[in-house]
1. Any chance the range 294-311 includes a residue that's without any contact (Cβ under 8 Å) to a residue 12 or more places away in the chain and either part of a helix (DSSP H, G or I) or outside the structural domain of Ser181 (by TED's automatic domain parsing) (or both)?
2. What pairs come out if I take residues in the range 157-172 that are surrounded by fewer than 21 Cβ atoms within 10 Å (Cβ to Cβ) and pair them with residues that are outside any loop (DSSP other than H, G, I, E, B) and at pLDDT below 95 whose C-beta lies under 7 Å away, six or more apart or interchain?
3. Could you identify the single residue in Lys197, Lys221 that is within 26 Å of the chain's Cα centre (by Cα) and of a type in the set (Lys, Arg)?
4. Just wondering, is there one or more residues in the range 64-79 that are outside any helix (DSSP H, G or I) and at positive phi?
5. Please count how many residues of the range 103-133 are assigned to a helix (DSSP H, G or I) and within 14 Å of Arg74 (Cα to Cα).
6. If I go through the range 430-448 residue by residue, how many of them are surrounded by 23 or more Cβ atoms within 10 Å (Cβ to Cβ) and among the hydroxyl-bearing types (Ser, Thr, Tyr)?
7. Would you please name the residue that is surrounded by the most Cβ atoms within 10 Å (Cβ to Cβ), looking only at residues in the range 312-339 that are aromatic (Phe, Trp, Tyr) and within 25 Å of Ala54 (Cα to Cα)?
Amino acid sequence: MENRFFLSLLALVATGVCGSDQPNVLLIIVDDLRPVLGCYGDSLAITPNIDALAHDATVFTRAYAQQALCGPSRTSFLTSRRPDTTRLYDVHSYWRKHAGNFTSLPQYFKENGYHTASAGKIFHPGIVSNHSDDQPYSWSETPYHPPTQAHKQDPVCLGPDGSLHTNIYCPVQVEEQPGGSLPDIETTRYSVSWLKKWAGGTAVRREAPAQPFFLAVGYHKPHIPLKFPKQFLDLYPISSVSLAPNRWLPKGLPPVAWNPWNDLRWREDIAALNVSFPYGPLPDFYARYIRQGYYAATSYTDSLIGELLTTVDHLFPDTIIAFIGDHGWALGEHQEWSKFSNFEVSTQVPFIIRNWRRTHNDTAAHGISQHPQSFNQPEYSGNDHSTYEHFSSRTGCESLPPKSAKSSARKAVEYNGLVELVDLFPTLVDLAGLPTLPQCPRDSSQVRVCTEGMSLSHVVQGNLQTVNSNTKHNNHRNTNPWDVMTNEVFISPAEPNKGNNVWSVGSERMAEASDTKHKGHTAGRSMPWGVETNKVKHQQIHSKRTDLLEFEEYFKPVSYGEKKAAFSQYPRPGPTPSRNPDSDQPHTRDVTIMGYSIRTHRFRYTAWLKFDNQTYKPDWDHIVAEELYDHKTDPQEDHNVVGKRFYTRHKREVYSMLVRGWREAVRYS
């Protein structure tokens, strides 16, 4: 009886709060997280809560950041503009003053009726977000930052000598930390409290109680220092942690491509190892500790995300949930650590979206969402709960699995096409039913709202089937002959996607001007085919068609679009690794070379070009160095084959794609 009453109460809360026609949105951003997750096939990772989210979501298995550095990457995907447009390659400028007054992702939702709030690291702090987290533009209320983040660089890591140090490897006792907690724990508590207050109607709202929210929650770990509750080490005995299988310098690697991981070298534990600069490898025993620490920090974050997701699912089932990392992180591959490069391990990120309508359709009758595998209740292969109880009793978090735990979660939809973080903004806009973003013109410095990405709503909303390499070519598979194969995913154009939108500038003008193809489309929403939404006189259509000509190049429908390539870049102050200027994180004024990297379905090609830091333009006639990796034979990017005669034609083709740029890298069906 009590359970029935509790479910009824939850249903009433959900109906009252989510009664709006538009869904709530939860965006989770994890700092420096590469796809070391169970749902991405990592056999070592213990991440049951993120895996449970993936179970009922679309998992993008090949997603890439536009630059492997926090400030430029976050500014890029939060404005849906690439670093050459934001003109941010470091952490020393604010895009609104430096490049253009570009509308941000939360700002767009705020301007379209949402209450926007943030907790933790969303925008990069400091001048990158104008020392205000982009206030007053992006948020409806003051962003929350955990007080204990002020102690990020404090010497709190216990060393073998019994003293406290500023180390990379830093398992800690939580209650002994300054402030008695850790930043991500505080961020989770704040976020959970915010959601409960919003559900109870006590949070400050600018509009009616049914106003939807956009909540962004940013987690710091596994960003260095690898500071996490020491109990999480129990999940990864050091004997179970392997070394990187390709822990040597790649053959033919040009010096300009090398990342000497300067951000690690000054830490006391690394400095004590006396590793030679720039190519000296870390000793195997310590490399193993850092890998253990990274996995443990990731599981720690997963445990907190579990508490957050449980709260959202209980109170706000009609919520779009997006989960991303801002870039990757090398764990000893190629003898490198940290980010700061164009390698796959530095640019590839986790990218997961759970659409609200899928959850709503399945659970509307109950008022709450039910998942095949609930958050905080992963399926365990063992029953040792001592570690879990030990941690939860001190933090209030109830998500740490026992050290023998492994999740059995499976993806609902796995998309193996190429996607980019700049696609996040237009995708969330389309899923929420807001006015569709137009594609940016070549010079968008005066255009407040546009995207240099592509909406993935047709993937998230579409009728998709996951197809592995063994099934894709089987003759016995019953495939409609009109199916369109988008890399690994089959999409049936016989059932037009309800979320199809139009890349446009002034979508109303385009809908009016089209005879048939775009008839029925309005800004941000699509109507059934053949339904007229506006009746205009013939002469009005004729005059507007004239206006359309000047926008022709970015009036492209995104229905069933597939990217042929993803693009990343990284700056360098010179052709060789250096400490001063820092070749890992050079100031823009010191940048003389830019590495432009293109990832196709088979190749990664990088051209290191002479770069003018005043005009922000590369010199395509001055190539300093090149890299070419064939993922068909070399998925770990260990052999630079750019000089091999066999690859001459391939190099020419990918170089041509790189020069033509991202606009020409989308294939439309």
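The values are calculated or read from the model by the stated rules, or taken from the named source; none is laboratory data. Worth saying up front: this structure is predicted, and the values here are computed from it rather than measured. A quick note on method: Cβ atoms are made from the backbone with ideal geometry, for glycine too, and the neighbour counts reach across all protein chains shown.
1. Checking the range 294-311: not a single residue is without any contact (Cβ under 8 Å) to a residue 12 or more places away in the chain and either part of a helix (DSSP H, G or I) or outside the structural domain of Ser181 (by TED's automatic domain parsing) (or both).
2. Short answer, once both residue conditions are applied: Leu164/Leu158.
3. Sole residue among the options that is within 26 Å of the chain's Cα centre (by Cα) and of a type in the set (Lys, Arg): Lys221.
4. no
5. Let us first name the residues in the range 103-133 that are assigned to a helix (DSSP H, G or I), namely 105-111, 126-129.
So of that shortlist, the ones also within 14 Å of Arg74 (Cα to Cα) come out as 105-106, 126-129.
Summing the residues that are assigned to a helix (DSSP H, G or I) and within 14 Å of Arg74 (Cα to Cα) in the range 103-133 gives 6.
6. Summing the residues that are surrounded by 23 or more Cβ atoms within 10 Å (Cβ to Cβ) and among the hydroxyl-bearing types (Ser, Thr, Tyr) in the range 430-448 gives 1.
7. Restricting to residues being aromatic (Phe, Trp, Tyr) and within 25 Å of Ala54 (Cα to Cα), the top hit is Phe316.
A quick yes/no check of all residues on (1) surrounded by 18 or more Cβ atoms within 10 Å (Cβ to Cβ); (2) under 27 Å from the mean Cα position of the chain (by Cα):
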position	(1), (2)
Gln231	yes, no
Tyr236	yes, yes
Ser239	no, no
Trp248	no, no
Ala257	yes, yes
Leu282	yes, no
Tyr286	no, no
Ser299	yes, yes
